[in-house]
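Each remark here refers to the structure printed beneath this line.
The values are calculated or read from the model by the stated rules, or taken from the named source; none is laboratory data. Note that the structure is a prediction, hence the values are computed from the model and not measured. Note: ideal-geometry Cβ built from the backbone for every residue, glycine included; neighbour counts use all protein chains shown.
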Amino acid sequence: MIRQSRVAHIDEVLGLMMGQTSERDRVIHESWRRCVTEHGLDPIASRDAYILPQERLNEHRDAMEEFLHTARFGLETLYRQVSCLDYVMLLTDAKGVTVDFMGDPTYSGYLRKAGLYLGSDWHEELAGTCAVGTCIATGEPLIVHQSDHFDASHISLTCTCAPIFDTNGDLAAALDISALHSPEPKLSQHLALQLVRSFTHKIENANLLNRFRGEWILKLSKAQEFLDIDPEYILAVDANGCIIGHNSRTRELLARESRRLGDEKDRFIGEPLSAFFECDVSTLPRFARFRPSDQRTMRLVSGGAMLFAQAMPPPLASLPRQPATPGPNLPLPLREMFSGDPMMFEALRRAAKIVGTQMSILIQGETGTGKEHLAKALHAASPRADKPFVAVNCAALPESLIESELFGYEAGSFTGAASKGKKGLVLGAEGGTLFLDEIGDMPLASQTRLLRVLAEREVTPLGKVKPIPIDIRVIAATHRDLVELVKAKSFREDLYFRLNGAVLTLPPLRSRIDVKWLIERLLQRGSNRDGARRHLSDAALAALCAYSWPGNVRELVNCLDYASAVCSEQQIEVEDLPESIIKSLNGAGPAALAADRAGDESPQSDALNGLEEALREHHWNVSAVARALAVDRSTVHRRMRRLGLVPPQKRDF
């Protein structure tokens, strides 16, 4: 019976070479032709399986040691799923040599004879049409079932294989599951094919994540539900926004996108991310995991399908071109708020330590320094991130309505009340964060009610007798000095101590050393809104960096929005800036301002030459040096960076 099957198989192969038709798959026909015309194999001759000597096998295994270590868990998981069906598992390198193998040792002799064994060489030139060799030749997942094999001695086997590509898009390995015996219909192996394809995808992803641990990782999926756990597409992006690695499905996606854009590229390493997606490295933080997945969507440049996205930042990294910051890692929402400024870092470092606690927080700082932005970042980084964030501007609520707005009311509790009552902002924050902005402007009567809410953790809406328990985290903010207000009897002392479980102070913008980074980031955000990429001339940038910013970040945002609206070209000039900034130049024109700034940063200037002496005299106290030189602390920090001056306590020895 076996002999008859082999004779019939040989006749079919020879018949195909002479032009006869067959119902076999196209990929099998083409492989048979290659075996005869390119590899010079004889379908009549039977070849024993070739097992490499141990020394040569070790060479193949050593060449992919790191890959084997990464893939091992996936291989073991797959084998546990297929071993009960008498399958064996082979992992080969790109040359077809089996570098890892799992099978039932009871049948070791039979498996070795059939070539289903460690060290076996399944390259198509040697073994003929087979799952591993033909998969390597075509780069496609496939089934070579029984008499699909070119060599008649293999027609009892069923083999299913899928390629594994490295992060550059080159073939790295092939994953095969095979059995000595199987049902006759080839369709019986369809599920095996899907299983192998699934595990090669997982191994590719694991290899990419392991190799690019220090870079941005972007995950993309058509299905929102599978984005975080099993995305179709994964790619690595460097700090310059260029693609440095991807899985095979991403390569196929980029190839399709390239064709839509009128190109025929099939290699994408080094290409900018923005060439394919409406995104670049500066906007990747928008797709961080702490944001709800339905708000993380990314569109292809060609106007193709919209994908759900998740961006994983590098360890200890923040936005591009940001100098390294000392100290512990910060949650991403906090890291997005600064770029190396020591005062901001200190505030955010303290914030990171309490982000997961129930402690009330008081944020202090001048108007416009970003107190609400910090409150939102604290909420986003906390375990309450998926719950409501309710902001209340205590200065904007009319005194007569503040209690009903905050605490709610029952239907008919007072004249003009809504017929269904009102929930109130405090109850609206249930489970999440209640942000009380400008708390220093809250009337004393309302302060008393708020104090009870914070002390008892329950709220009683107007007209209701029974209190309602609440679970909220309270963050308050003010630009006023609450201690002075307490002394003046205009703010309750007991409420102050309820609110200031932790006090965070944001520095004014004029004292920060990362103003240029902030300007670039805000410009990029504006460009993303309307698609126009604007930039500042040197003179305009110098004017903004020299300005004192009494309105802080809020004033900077308004300034850039105004300049972007009035500039005639994509470049913003000094004359495009608001009048208040132009007047602050004291009559200095753009050229004079740029020249003055160049002199300020020149290592040859008198101020810079004397900076190190001043720092030594004041024991490297930047605040004292700034007072002595009559300049801002930010100017001292900027000059220190230009000269490479580092305090002794921060130097590496």
Item to check | All positions within region 329-346 that are under 21 Å from residue 383 (Cβ atoms) and either of a type outside the set (D, E, K, R) or not in a loop (DSSP other than H, G, I, E, B) (or both) | outcome: 329, 330, 331, 332, 333, 334, 335, 337
Checklist entry - Quick one: would you say residue 232 is without any contact (Cβ under 8 Å) to a residue 40 or more places away in the chain and over 22 Å from residue 285 (Cα atoms)? => result no
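Name the one entry in 538, 561 that is surrounded by fewer than 18 Cβ atoms within 10 Å (Cβ to Cβ), over 31 Å from the mean Cα position of the chain (by Cα) and not assigned by TED's automatic domain parsing to the domain that holds residue 623.
Details: 561 fails: over 31 Å from the mean Cα position of the chain (by Cα).
Going through 538, 561 in turn, the sole match is 538.
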Checklist entry - Quick check: anything in region 524-546 more than 20 Å from residue 280 (Cβ to Cβ), touching a Gly at 6+ places or on another chain (Cβ under 7 Å) and either at pLDDT 80 or above or among the hydrophobic types (A, V, I, L, M, F, W, C) (or both)? => result no
Checklist entry - From the set of residues in region 207-258 that are of a type in the set (Gly, Ala, Ser) and assigned to a loop (DSSP other than H, G, I, E, B), which is farthest from residue 332 (Cα to Cα)? => result 223
Next on the checklist: Of the residues 395, 385, only one is surrounded by fewer than 17 Cβ atoms within 10 Å (Cβ to Cβ) and either at pLDDT 80 or above or under 41 Å from the mean Cα position of the chain (by Cα) (or both); which?
Outcome noted: 395
Item to check | Members of region 254-290 that are in contact with a strand residue (DSSP E or B) (Cβ under 6 Å, 6 or more places away or on another chain) and without any contact (Cβ under 8 Å) to a residue 24 or more places away in the chain | outcome: 278
Checklist outcome for this item: Within region 66-77, the count of residues that are modelled with pLDDT under 90 and either touching a Phe, Trp or Tyr at 6+ places or on another chain (Cβ under 7 Å) or of a type in the set (D, E, K, R) (or both) comes to 3
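So which residues in region 35-60 are among the acidic types (Asp, Glu) and either touching an Asp or Glu at 6+ places or on another chain (Cβ under 7 Å) or closer than 16 Å to residue 100 by Cα (or both)? Break it down into steps so the answer makes sense when it comes.
Residues of region 35-60 among the acidic types (Asp, Glu): 38, 42, 48, 55, 59.
55, 59, listed by residue number.
Suppose the filter is in contact with a strand residue (DSSP E or B) (Cβ under 9 Å, 6 or more places away or on another chain), surrounded by 13 or more Cβ atoms within 10 Å (Cβ to Cβ) and closer than 24 Å to residue 153 by Cβ; does residue 78 pass it? Spell out the reasoning first.
Details: in contact with a strand residue (DSSP E or B) (Cβ under 9 Å, 6 or more places away or on another chain): yes; surrounded by 13 or more Cβ atoms within 10 Å (Cβ to Cβ): yes; closer than 24 Å to residue 153 by Cβ: no.
Spelling it out, it is not the case that residue 78 is in contact with a strand residue (DSSP E or B) (Cβ under 9 Å, 6 or more places away or on another chain), surrounded by 13 or more Cβ atoms within 10 Å (Cβ to Cβ) and closer than 24 Å to residue 153 by Cβ.
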Checklist outcome for this item: Taking region 118-150 and keeping residues in a loop (DSSP other than H, G, I, E, B), in contact with a Ser or Thr (Cβ under 7 Å, 6 or more places away or on another chain) and surrounded by fewer than 24 Cβ atoms within 10 Å (Cβ to Cβ) leaves 118, 119
Checklist outcome for this item: residue 156 passes all but one of the listed conditions (1) in a helix (DSSP H, G or I); (2) surrounded by fewer than 18 Cβ atoms within 10 Å (Cβ to Cβ); (3) among the hydroxyl-bearing types (Ser, Thr, Tyr); the exception is number (1)
Checklist entry - Do we have any residue at all in region 445-468 that's surrounded by 14 or more Cβ atoms within 10 Å (Cβ to Cβ), closer than 26 Å to residue 385 by Cβ and touching a His at 6+ places or on another chain (Cβ under 8 Å)? => result no
Checklist entry - Is there any pair with a first residue in region 172-184 that is assigned by TED's automatic domain parsing to the domain that holds residue 90 and a second that is among the hydroxyl-bearing types (Ser, Thr, Tyr) and crowded, with 20+ Cβ neighbours inside 10 Å whose Cβ atoms are under 6 Å apart and which are 6 or more apart or on different chains, and what are they? => result 174/92; 175/200; 177/87; 177/160; 179/87; 179/158; 182/158
Next on the checklist: Can you confirm whether residue 47 is free of Cβ contacts under 8 Å to residues at least 40 places away in the same chain and assigned by TED's automatic domain parsing to the domain that holds residue 12?
Outcome noted: no
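Report, by residue number, each residue of region 55-81 that is in contact with a Lys or Arg (Cβ under 8 Å, 6 or more places away or on another chain) and not small (Gly, Ala, Ser).
At the first step, the residues of region 55-81 found to be in contact with a Lys or Arg (Cβ under 8 Å, 6 or more places away or on another chain) are 60, 68, 74.
Listed by number, the residues that qualify are 60, 68.
Please find, among 30, 55, 76, the residue that is assigned by TED's automatic domain parsing to the domain that holds residue 123 and either among the aromatic types (Phe, Trp, Tyr) or more than 27 Å from residue 188 (Cβ to Cβ) (or both). Outline the logic, then answer.
Values: 30 fails: either among the aromatic types (Phe, Trp, Tyr) or more than 27 Å from residue 188 (Cβ to Cβ) (or both); 76 fails: either among the aromatic types (Phe, Trp, Tyr) or more than 27 Å from residue 188 (Cβ to Cβ) (or both).
Exactly one residue qualifies, and that residue is 55.
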Next on the checklist: Just checking: which of the helices (runs of 4 or more DSSP H) contained wholly in region 417-506 hold 1 or more residues that are over 43 Å from the mean Cα position of the chain (by Cα)?
Outcome noted: 444-456, 482-487, 493-499
